[in-house]
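The structure appears below as C-alpha cells.
Quick note: the coordinates plus some simple rules give every number you see, no bench work behind them. For clarity, every value in this text was computed on a predicted model and none was experimentally measured. Every residue, glycine among them, receives a Cβ derived from its backbone with ideal geometry; neighbour counts consider all protein chains shown.
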Amino acid sequence: MAWLGRVIAWFAWLIWAFVWRSALIVGLMVLAAVTYTAVQMPPVSSLVDGRVAGSVTLLDREGEVFAWRGEQFDVITSLDQVSPHLVNALVATEDRRFFRHFGVSPRGVASAVRINLSEGRGPLSGHGGSTLTQQTAKLLCTGRPFDPEIWEDEAAYETECRDASVWRKVTEAVYALAMEARYSKEDILTIYLNRAYLGASARGFEAASQRYFGIPARALNPAQSAMLAGLLVAPSRYAPTANLARSQERAATVIKLMYDQGYITEAQRDEAWANPATLSETAQQPVGGAFADWVMLSGPSFLTRDTTEDVILRTTLDQKLQRAAEEAMEQVFREKVREGSEAQAAIIVMSADGAVRAMVGGRDPSISGGFNRAVQANRQTGSAFKPFVYAAALDMGYSPLATVVDEPITLQVPGSGPWEPKNYDRKFRGPVTFVEALKDSLNVPAVRISEEVGREAVRQVASDFGVESDLADGPALALGVSESTLLEMSGAYAGILNGGRSVTPYGLTELRLQGDSLPLMGQEGGFGERVISENAARELVWMMNAVIADGTGRRAQLPDARPAAAKTGTTQAARDAWFIGFTADYVAGVWMGYDDNTPLTGVTGGGLPADIWRETMRRVHADLPIRALPMTAPTPEEVDALGANAQGSNQTETGDRNPFLLNVLRDILGGQ
C-alpha cells in the first residue's frame, strides 16, 4: 500500500505545483494589468466631472433659483468641502471597510454570492458586493470616456458601463486595484462624490445638496447626509422630490447604520429620527415649469438646450405671481369644472413692456417638458381680436362715441358667396356707439367698422402689435377667425396698455456662464415701434374698461373696484374661450379649451376664463395700491350731447344705450 500513498502524494504535489504556478502567473498578470492601468490614469481633477452636456440654472427676477435643466453639477475638489456626516453616511451605507481594504473585498463578494444563491439568483446576479472603489470604477466606466462615434447616446453608454457580466466584474476589479495604487482613499471618495447620480437631475453630492436642501454639502447635518446617502440604492425612486416619505424612511435606515458603526451618538440618532430632513422651499414647491421650458428656447441652443457649459439664466419670472396664477387655475378647476373634464387652460401674466412674470401652460402646472398651451397652441381668437378693429378706427380719428348701425348685412366673399354675420344672441340693436358695441361684443358692428376702415388697416394694427400668425383676408377677420397664441395676444394687449407701442414678450434678461461675473447676453425691455397714437390707445383702454364695468366681462370685476380693462372672446361652437385684460400694473391672458378642439359646454370667454382671470389678478394685486388706468374718456359734454340726441330719436332699438351712456359712463367719468 506504500506505493499507493506515494502515488497520491505525487498527484497532490502535481496539483499543488500547477495551482501555485497558475496562481503566480495569474497574480503576475493581474499585477501587470494593475500597474499598466495605474500608470495610464489621469489626475483626479480630470475625473470629477464626466458629463457630456452642461447644466442650466434659472433665476427669477430677484435672483432666486426656481428651476434647473440638464444635469446639475458643482465640483467638490476635496473632502474638506463636504460635511464629515456625509462621508460617514456614505461609508456606513455603501462600504464599511472602505478605509481598510485595497480596492476589492473578498469577504463582501463571498457574502453577496451567498445572499444571491439563497434568494434563488445566480451568484453574480443581484447583490454585487462591490466596494466604493469598484463603484467608482463603474462610474468611470473603467476609464473609457463617452464617445458619440461608439455610443448612440449617453443612455447607451451608461447601460454598457453597468453591464454585470463576469468579464465586466473582472475589469472593474482590476481598475479598482489600480485606483487604489494610483490614488489616495480621499481622492477616490472625491471622485465618487462628484460622479454619483442622486436623482432630480443632480450629478454629485454638492449639486444634490443644493437641489434638495438649498445648502452647500459642507453644511449637511446627519439627517440630510443620511437622506443623500440613501438615494444611492435607487436615485429616482428615493428622490425626496418624488416621494419625501419614502426618502425619509430610507434615511432612517441609514441613520441606524451610522449609529451602529459608531459615527453618531445616541442623541444625534434620536434627533435625526425625530427631525428627518425636509426639502427646501424651492425644491418643495417648484414653480414655472412651462416658463422655464419657454425661456430655454429664448437663448442660443448651444448655451441652453445643447450646452456643454454650466449656464446661469436670469429671467423675468416673479415667483409670487407665478404661484398666484397656479393657485387661481387650481381653484377654478376644483370648484367650477365638472369632474372628469379634460378641458385645458393657460395663463400669461406680463408687464406692459412685455416682460413675462408668470406662465401656466396647462391645468397641471407641475408638468414640465409637456405641451405648453400658452405659447404652442395656435387657436382662433374670437372676439378677443376685436380691440384691433377699434384700435384701427380710433387711430384714424373715430370717437369712442361714434355710431355704427347694428342691423343685418350681407357681404360677398370671393369663392364662398354671400356671408351674413350674426350677433351672439341673434338680435340687432340698431344704431350703437363704438363703446357699446365693444362692451357687448357685438359682431355686426365690428364687421362694419372693419369694412369701413379697411381690413388691411386692421391686419396691420394686429400684426404690428405682435400677432404674427397668418391673418384672414375675408370680412370674418374682424371676428377673430385667425389663429394666434396666448403669448402673442397678451403681448398685443400689453401694447394697448403701454400707450400704443408694440412689445416683444420676453423672459430672458441675462445669460452668463457659471463662475463668470459678466453676462454673455442680456435684455432690459421689449418695447418696439409705435402702432397707434397714444390718444387712440387711451381711448381704447376706456372702451375696454366698459367691458368689465358693464359688459361681457362683468364677472372679472376686481375687489375694491380696482380699475381694469379687458375683452372676452368665444370662437365658433365654443371651441376656444378667451379673457385677456389688464390693470395699470399687469396684463393677464387666459385661454380655455380642449386640445382636440372639442367644443366647450356652457363656457364663454366671460365665464370660466373670466373667473380664472379674476382669481389670478386678485392674488397678483393683493399687496399693490390701486392705480388708475391710463385712459381718456369722452368729455361730459360729449356724453350729454349723445344722450340728448338719443332722447330725440324715435328708434326703439337703442333703448339699452341710454342707461349705459347716461349712468355708467357718467359714473366712470365722475370717478376720475
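Below are the figures for this structure:
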quantity: C-alpha long axis of helix 608-620 to longest principal axis of the chain, angle in °; calculated: 70 degrees
quantity: Order of ILE255, ILE449 - criterion: other Cβ atoms within 10 Å of each residue's Cβ, fewest first; calculated: ILE449, ILE255
quantity: Computed Kirkwood radius, in angstrom, where 1/r is averaged over Cα pairs of segment 384-497; calculated: 14.3 Å
quantity: C-alpha center-to-center spacing [segment 525-548, segment 388-415] in angstrom; calculated: 18 Å
quantity: Alpha-carbon centroid distance for the pair segment 578-632 / segment 145-213, whole angstrom; calculated: 50 Å
quantity: Contour minus Cα-Cα distance for ARG334 and ILE15 (0.36 nm per residue); calculated: 106.9 nm
quantity: Derived scalar couplings ³J(HN,Hα) [segment 520-537; Karplus, 6.51 cos²θ - 1.76 cosθ + 1.60; whole Hz; x for Gly, Pro]; calculated: 7, 7, x, 8, 10, x, x, 5, x, 7, 6, 9, 10, 5, 4, 5, 4, 5
quantity: Reference-scaled alpha-carbon Rg (2.2 N^0.38 Å with N residues) for segment 514-579; calculated: 1.75
quantity: Cα-Cα pairs of segment 440-486 separated by more than 16 Å (percent); calculated: 33 percent
quantity: Whole-Å distance, taken between Cα centres, linking segment 553-574 and segment 314-366; calculated: 17 Å
quantity: At most 14 other Cβ within 10 Å, DSSP loop - GluC sites (Glu not before Pro), segment 484-539; calculated: GLU524
quantity: Footprinting exposure proxy for MET396, MET359, MET631, MET543 (fewest neighbouring C-beta atoms within 10 Å first); calculated: MET396, MET631, MET543, MET359
quantity: Rule-of-thumb Rg ratio for the chain [Cα; 2.2 N^0.38 Å; N residues]; calculated: 1.33
quantity: Ranked list, fewest to most other Cβ atoms within 10 Å of each Cβ, for HIS101, HIS621; calculated: HIS101, HIS621
quantity: Tilt relative to the chain, helix 455-464 - C-alpha long axis, 0 to 90 degrees, to 10; calculated: 40 degrees
quantity: Entries of LYS386/LYS422; LYS336/LYS427; LYS427/LYS567; LYS138/LYS185 with Cα pairs more than 23 Å apart; calculated: LYS336/LYS427
quantity: Length-normalised contact order of the chain in % [C-alpha pairs under 8 Å, at least 6 apart]; calculated: 12 percent
quantity: THR570 long-range amide H proximity, modeled H, under 5 Å; calculated: SER383, ALA384, TRP578, GLY605
quantity: Degrees between helix 185-195 axis and first principal axis of the chain (Cα, 0 to 90, nearest 10); calculated: 30 degrees
